Every structure is written in C-alpha cells, then in structure tokens.
Amino acid sequence: MRFLGEPIEFEKQAGIGSPVWRGRAADGAALTAFAVAVRRADGRLAALWGSDERARAGGFRLHVVFGLDAGHAWLSLDLPAERPAYPDLSGIFPAAGRLQRATRDLVGIAAAGDPDGTDARPWLRHGAWPADWFPLRHDAGEGHGFANAASDYAFVRVGGEGAHEIPVGPIHAGTIEPGHFRFSVIGERVLRLEQRLGYVHKGVEKLFIGKDLAEGVRLAGRVSGDSTCAYAWAYASAVEAACGVSPPPRALGLRALMLERERVANHLGDLGALGNDAGLAFGLSQFMRLKEDWLRLNGKFFGHRFMMDRILPGGAALDLEAPALAAIVEQCDVVGREARALKKIYDEHAGLQDRFLTAGAIDAALAREFSLTGLAARATGLILDARAHRQGYTPPPPWAMLGVRPATDERGGVAARVAVRFAEIFESLRLLRELAVGLPAGAVCAEVPPVPGAGGLGVVEGWRGEVLVGVSLDGAGRLARVHPHDPSWQAWPALEHAVMQDIVPDFPLINKSFNLSYSGHDL
C-alpha cells in the first residue's frame with residue numbers, strides 16, 4: 001500500500017490492534033519527502049527512535065512513526081555502521097527535536113543539520129556517561145563506573161531591558177519528579193520558558209534487551225506508573241502483532257475495563273489538584289476522596305490499586321466474576337452523580353473560572369505543529385482518539401462496537417482542559433457500564449509463542465494521549481529492542497508556548513492542566 005502519493009510501499013501489520021503499516025525508506029531523501037507529505041496532509045509525528053542492527057544488518061536503523069487519518073505508518077531507514085546520520089526532521093515536525101537528541105545520546109546516530117544535536121545540549125546524558133559512549137549499542141557493556149560529572153547546559157538566553165531569569169528546579173518543594181524550568185520574564189510576565197528534563201533517566205530501554213516476553217511485561221507497566229495499563233496494553237499489542245496472536249474477546253473487554261478505570265482515576269486526581277491550585281481546597285478533598293474509593297475497588301478486584309501486571313501478551317492475567325462487575329457498575333453510578341455535582345460547583349465558582357479562563361491557551365494550529373494527541377489536542381478542538389471512529393479509520397476491538405464519543409473543547413486553555421477531563425470521566429463511566437454488562441464469555445488469555453526476528457508496534461489511547469510501544473525480537477525470540485513512547489514528548493514543548501504572556505504564578509496551574517509525565521519521558 002502507498003500513502004499520500006509517495007513511492008514507499010507499506011505492508012499492513014498483523015493483529016487486531018490499532019492499524020499500523022510498515023515500510024522502508026530507500027534513503028534520507030525518501031524519508032524527508034514522506035515526512036513533508038505527512039505534514040501537508042495534517043498528519044503528525046508519533047514517535048522516533050534508533051536501533052543497533054550491526055549484528056543482523058551491518059549498520060544502524062532509524063524508526064519513525066507517523067500518525068495518519070487511517071492509522072500509523074511505521075517507516076524505517078537503514079544507516080551505515082560508521083558515522084550513522086539521517087536528515088533532520090525538526091524543521092518539518094518541531095517535536096522531532098528532543099526525540100532526535102535522545103536518540104543521539106542513547107544510540108549515537110545523529111540528525112544531520114540539527115542545531116540542537118550537539119554535545120552542548122544533550123537531552124538525557126546529563127554528564128552521567130561520556131559523550132562517546134552510547135548505552136543502547138550492543139557492544140556498549142553495562143556502563144558501570146562512570147563518574148557523574150557536572151555538566152553545563154546551553155540554555156537559550158533572552159536579553160533586553162528589564163528581562164531576567166527565574167530558574168525553578170530540578171528539585172521541587174513538593175513530592176513531584178525533577179525537572180528544570182528556566183523562565184525568562186519581565187516583571188511577572190513570562191516571555192519564554194525553556195525546559196530541561198531527563199533527570200529521572202533510568203535505563204529502561206537498556207533493561208529490556210535480552211528479556212523474555214513475560215519479563216518485558218513488568219518493565220512496560222512501570223515506564224510511567226500512572227499509565228501502567230496503557231503501556232502494558234501497547235506492549236502486549238506490539239508483541240501480539242509480532243507473533244501473529246489475537247487475544248480472546250473477553251480479554252480485550254477486561255483490558256478496556258482497566259484502561260478506562262485508569263483514565264477516570266487520573267482525571268479525578270487532576271481535577272482535585274487543579275481546584276487546589278486555583279484556591280479551592282474543597283475541590284481537592286472531594287476529588288481525592290472519590291479517587292481513593294476508586295483505587296480501593298481496583299485493589300479489591302484487580303489485586304493492585306493501579307492494576308499493574310494485569311495486562312500481558314495474549315490477554316489478561318485475571319478474570320472478573322459477576323459480583324465484581326456489578327460492583328463496578330454501582331461505583332460508576334455513585335461517582336457519576338458526585339462528579340456532576342462537583343462540576344456544577346467548579347462551573348459556577350467565579351474565582352476558579354477567573355483563573356481557568358485566562359490561563360494557558362494554545363490553539364489547534366499549535367497543537368498540529370507539535371503533533372499533540374490526547375486531552376491536550378482535544379482541548380483545542382482536534383478530534384484525535386484512537387478509540388473512536390473517524391473518516392477512514394475504524395478503531396480496534398473492543399472500541400469499534402462501543403461508539404466512543406471523543407470529548408472536545410475549542411478554547412485551548414486551562415478551562416478547556418478541565419472541561420475535557422470532566423467530559424471524559426462521564427464518557428468513561430458510560431463505557432465501563434457497557435463493558436461490565438456486556439463482557440463476552442470465554443477465555444482470558446491465549447498462548448504467545450515468540451517468533452524470532454519479528455517486530456510489532458502497539459498503539460493505545462492512554463489518559464494523556466497516544467501511547468506507543470515498538471518491539472523487535474532477536475534470533476532467540478527474546479527482546480532485542482523495545483521503545484516505549486509517551487505523549488508527553490510532544491506536549492512538553494507545547495507547554496512552553498502555553499505559558500507565554502501569562503504570569504509566573506499561573507505556571508503551576510497551567511502545568512497541572514497538562515500534568516505531563518517525567519518518568520515516561522526520561523527513559
């Protein structure tokens with residue numbers, strides 16, 4: 001199959017997950033031409049990573065996934081073993097910049113012409129290992145014993161009369177993960193924000209190498225703890241596509257139950273925190289009470305408050321009996337009533353709305369520019385949801401039969417992201433009721449024999465947005481390369497724009513309205 005009139009041939013990936021087509025670019029010019037065609041068609045950059053293929057193919061390989069109306073196009077480009085480089089894509093898709101820098105730090109393949117792809121601006125290295133050592137090369141070794149050297153970072157400076165800088169982090173006052181935020185301001189007005197992340201880099205992609213499929217489940221589910229179900233499902237879907245296995249219908253229903261419960265839990269917690277950041281502590285206490293009840297029911301019926309290790313290749317690790325499904329339906333009714341009452345309070349609270357309505361706006365054009373997905377994109381009016389039908393796209397089971405209604409709001413600011421969260425809670429509660437009542441009978445897991453040398457890509461609509469996991473198996477059927485991709489990669493740069501011309505005290509509120517992942521970003 002060909003896309004957008006380009007000469008690259010794509011073959012559809014096996015499996016019943018979100019539709020994926022795989023293709024090979026003949027050279028860098030073909031990759032660039034395809035990227036330009038995707039951008040002109042209002043497509044997006046979904047993920048970018050590299051792999052060491054010297055043992056099998058004699059060189060390195062770049063992987064780029066593009067989001068199209070019909071699904072995802074996974075394009076690979078073979079690179080030489082010596083001085084591997086590929087064309088810079090950040091001029092076409094700005095979100096490529098950080099992905100390219102991370103790929104350079106980890107694999108040692110560079111984007112030719114990328115102004116940020118220098119030793120002065122590493123993305124993940126932070127002086128923790130030498131500039132000429134690349135941890136994801138197969139001959140890199142374990143990397144023990146490197147001195148954790150201090151490193152300078154070339155922040156972009158803003159000059160002019162009255163301009164000054166406010167450094168925030170990487171260590172914060174609250175119990176949040178570390179990230180550095182460099183504000184350039186005049187008075188309290190933000191002229192520019194530059195982020196430096198990567199402080200929680202933990203070598204997850206390195207840890208995957210050589211693991212069997214079952215061991216990979218535990219790692220995938222811990223990439224970003226608030227999205228454990230999304231990552232586990234994306235990993236499982238990638239493995240199933242690689243091995244040509246379809247999970248049973250009941251397993252897909254159970255996965256969807258867990259994913260929607262994960263979505264509701266995060267929206268409940270964030271709505272409470274947003275109320276608190278705008279001065280309504282009552283909102284925090286009420287939403288956290290609801291979230292705690294929600295998580296306790298998870299613990300009771302799924303054996304884990306966050307449902308870790310319950311989704312695995314081939315299906316699910318547990319089943320639910322009729323009393324558990326009835327309890328889930330009952331809780332949906334209770335939470336729905338209370339969330340509607342709290343929404344009325346939020347909507348009618350003048351002080352809250354004054355803060356929400358005037359802060360953190362981005363528009364659909366910027367969302368497209370940064371290839372945003374998830375609630376941040378839907379809050380600008382874009383209808384992007386891997387669970388929902390759209391022209392030319394049929395969602396995978398079980399979503400195809402559920403008629404998911406994406407929540408959108410065109411205002412683009414904090415108020416819009418709050419409104420989308422409320423709407424998504426109510427839609428998820430509806431989906432949970434339907435799933436619990438209509439769960440198919442049958443098995444909950446199928447065997448997944450590994451297929452040596454195979455590969456697959458899994459795509460799942462997590463609560464933040466599009467979670468992707470790419471998987472390649474080695475000649476023994478073990479994991480050769482696993483790349484998890486969080487939607488925060490695209491959303492962090494958009495946050496830098498969302499705070500421009502707002503005041504510094506509004507940053508915590510704007511930041512929380514996105515609530516992006518550090519851990520899922522700093523692999």
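The values are calculated or read from the model by the stated rules, or taken from the named source; none is laboratory data. Given the structure is predicted, the values throughout are model-derived calculations rather than measurements. In this analysis, Cβ positions are derived from the backbone assuming ideal geometry, glycine residues included, and neighbour counts consider all displayed protein chains. Each accessible area value is taken on the protein alone, full model and side chains, heavy atoms only, with ligands, DNA and RNA left out. Shrake-Rupley method; radii C 1.70, N 1.55, O 1.52, S 1.80 Å.
Find the Cα radius of gyration of the range 1-148, compare it with 2.2 N^0.38 Å by division, and give the number to two decimals.
For the range 1-148, the normalised Cα radius of gyration is 1.09.
Summed over all non-identical Cα pairs, the Kirkwood treatment of the range 97-198 gives a radius of 15.5 Å.
Rg ratio for the range 378-509: its Cα radius of gyration over 2.2 N^0.38 Å, N being its residue count, equals 1.35. For the range 143-230, dividing the convex hull volume of the Cα atoms by the residue count gives 158 Å³ per residue.
Which of Lys344/Lys512; Lys300/Lys343; Lys343/Lys512; Lys206/Lys291; Lys291/Lys512 have a Cα-Cα distance over 24 Å? Please report the intermediate quantities before stating the final value.
Values: Lys344/Lys512 21 Å; Lys300/Lys343 28 Å; Lys343/Lys512 18 Å; Lys206/Lys291 34 Å; Lys291/Lys512 17 Å.
Listed pairs above 24 Å: Lys300/Lys343; Lys206/Lys291.
Since only Met288, Val448, Phe301 are under comparison, the one whose Cα sits farthest along the positive direction of the charge dipole of the chain, derived from C-beta charges on Lys, Arg, Asp and Glu, is Phe301. Pairwise inverse Cα distances across the chain, averaged and inverted, put the Kirkwood hydrodynamic radius at 23.6 Å. The Cα trace of the range 302-358 gives Rg and Dmax of 18.2, 50 Å, the first to one decimal, the second as a whole number. Surface analysis of the range 158-224 yields an accessible area of 47 Å² per residue, using protein heavy atoms and a 1.4 Å probe. Over the range 368-523, accessible surface divided per residue gives 30 Å², non-protein components excluded, 1.4 Å probe.
Summary value for the range 213-304: 17 percent relative contact order, contacts being C-alpha pairs under 8 angstrom separated by 6+ residues. Annotation: lysines with alpha-carbon distance below 28 angstrom to Lys12 (same-chain offsets under eight excluded): Lys211.
Toward the positive end of the charge dipole of the chain, with +1 on the Cβ of Lys and Arg and -1 on the Cβ of Asp and Glu, the farthest Cα among Phe183, Ala57, Thr103 is that of Ala57. Of the solvent-accessible surface of the chain, computed with a 1.4 Å probe over protein heavy atoms with every protein chain present, carbon and sulfur atoms account for 54 percent. In the chain, the sites counted are trypsin sites (Lys or Arg not before Pro) in DSSP loop states with at most 11 other Cβ atoms within 10 Å, and the longest stretch holding none of them, exclusive of the sites, is 158-523.
How high is the FRET efficiency from His138 to His164, r the C-beta distance, R0 60 Å, rounded to 0.05? About 0.80, to the nearest 0.05. When the label point is put 7 Å from the Cα of Glu9 along its Cα-to-beta-carbon vector, which residues of the range 24-64 have a backbone N closer than 14 Å? Backbone N within reach: 24-26. Each residue, Val156 and Gln195, gets one label point 7 Å from its Cα in the Cβ direction; the gap between the two is 1.5 nm.
With Cβ to Cβ distances under 10 Å as the rule, what net charge do the other residues near Tyr153 carry (K, R +1; D, E -1)? Neighbourhood net charge equals +1.
Here the calculated FRET efficiency for Lys344 and Glu410, from their Cβ-Cβ distance with R0 = 35 Å, stands at 0.95, rounded to the nearest 0.05. Summary: within the chain, the longest segment free of GluC sites (Glu not before Pro) located in DSSP loops with at most 14 other C-beta atoms within 10 Å is 189-320.
In square angstrom, what is the accessible area per residue of the range 14-67 with a 1.4 angstrom probe?
Numbers: 1860 Å² over 54 residues.
So the range 14-67 comes to 34 Å² accessible per residue, rounded to a whole number.
Note on the range 272-345: Rg/Rh from Cα positions, Kirkwood definition for Rh, rounded to two decimals, is 1.09.
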